[in-house]
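Data first, discussion second: the structure below is written as structure tokens.
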Amino acid sequence: MTDSSVPTVPGYQVSRMALADADDWATFALLPEMLRLTSSTAASVVDLRAMIERTLSDDANAPRLFALREPGSGLLVASFGFHTVSALNKTAEVTYSVRPEYWGRGLATAMCQAAVGWAFEVRGWVRVQATTLEAHAASQRVLAKCGFELEGRLRNFRLVRGEPSDYLIYSRVPDASVAGLSSTA
């Protein structure tokens, strides 16, 4: 499935993440404060390039990754998208990360809302889920603002720095409130 559409986040430029973005993405994605509350195993620009490469496939099950930039400077300030995509089940897991100096500006919420709208309206997915470490209260607040419902605890769900860790799982399914979410450019 070739899909060139991207979600819209007001006040920012959104594009598909490209291999050329890996160095800029690494300036914040590999920071200890970014990795602390995730299960990401990325440790280098090479790892990020491999992640981006997987998203460039036209396979319907391929992850999707978007770059969010300041419109004037073009600075990459955040990334968002989906992994664990199932074309068969029309489901995916949302992901987002924001450059630390942009924390507290509502970007994660705006990206999550835009991603969910795009998932339902453009991709026709019937479920978007999200998982967070129990300690990641900020991400849990983002999900609540975006209409996700807590479904439960996943025990020893992912390894975090080599240790089995519990995660909370949230989901969002299409409903009447989707009309207020931004979808595509």
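Just so you know, all these numbers are worked out from the coordinates, no wet-lab data involved. These figures come from a predicted structure and were not determined experimentally. Quick reminder, even Gly has a Cβ in these numbers, built from the backbone with ideal geometry, and neighbours come from all protein chains shown.
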Check: Restricting attention to the stretch 85-103, and to residues there that are assigned to a strand (DSSP E or B), among the hydroxyl-bearing types (Ser, Thr, Tyr) and over 11 Å from the mean Cα position of the chain (by Cα), which single residue is nearest to residue 122 (Cα to Cα)?
Finding: 91
Checklist line | Subset of the stretch 39-71 (residues that are over 19 Å from residue 6 (Cα atoms), of a type in the set (Gly, Ala, Ser) and assigned to a loop (DSSP other than H, G, I, E, B)) | finding: 39, 40, 42, 43, 44
Margin query: Just to be sure before I move on: is residue 138 closer than 22 Å to residue 59 by Cβ, outside any strand (DSSP E or B) and of a type in the set (Gly, Ala, Ser) in the structure I sent?
Written below: no
Notebook entry, point to check: For residue 154, are the conditions met, namely being free of Cβ contacts under 8 Å to residues at least 40 places away in the same chain, part of a strand (DSSP E or B) and among the aliphatic types (A, V, I, L, M)?
Noted result: yes
Item checked: Test: residue 39 is of a type in the set (Ser, Thr, Tyr), in contact (Cβ under 8 Å) with a residue 12 or more places away in the chain and either more than 28 Å from residue 153 (Cα to Cα) or crowded, with 18+ Cβ neighbours inside 10 Å (or both) -> no
